[in-house]
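Here is the structure we will look at, set down as structure tokens.
Read-outs throughout are calculated quantities, based only on the coordinates presented, and are distinct from any laboratory measurement. The structure presented is a predicted model; accordingly, all values stated were derived computationally and were not measured. Here the Cβ positions follow ideal geometry from the backbone for every residue, glycine too, while neighbour counts run over all protein chains shown.
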Amino acid sequence: MLPMSPYIPLLGILVLAAVFMAISIWLSAYVGPRRWNRIKYQSYECGIDPTPQATGGGRFSIKYYIIAMLFIVFDIETIFLYPWAVTFDKLGLFALVEMLLFMVTVFVAYAYVWRRGGLEWE
């Protein structure tokens, strides 16, 4: 008797999910209500008329991108901190000093941005 592959149940669940998805889409097209009107196709912004946008989607403030880059920097810091925290007891004093230097560098940059008003949203 052949041993059953551990991937066969996973394949079965994926096939079952695909069949369920196809049937759901097909049923929604035939069973759902068909009361289309012009108002349904209009944009909706919190109950008020949508504001017109310039061609190309308009311009974002540069502060938006600065906040996004700061978010990425602190995410990367967190990515470096997790492996260090997991193996903290095995790394020794050298790794502790290196991580403290890394954290001080990042927090100095954070303090600089904070002091310059980079986190103020106007």
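Data overview
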| read-out | value |
| --- | --- |
| Residue pairs meeting the criteria (Cβ under 7 Å; at least 6 apart or on separate chains; first free of Cβ contacts under 8 Å to residues at least 60 places away in the same chain, in the range 97-122; second part of a loop (DSSP other than H, G, I, E, B)) | Val113/Leu119 |
| Residue pairs meeting the criteria (Cβ under 6 Å; at least 6 apart or on separate chains; first over 24 Å from Gly118 (Cα atoms), in the range 70-95; second of a type in the set (A, V, I, L, M, F, W, C) and surrounded by 10 or more Cβ atoms within 10 Å (Cβ to Cβ)) | Trp84/Met99 |
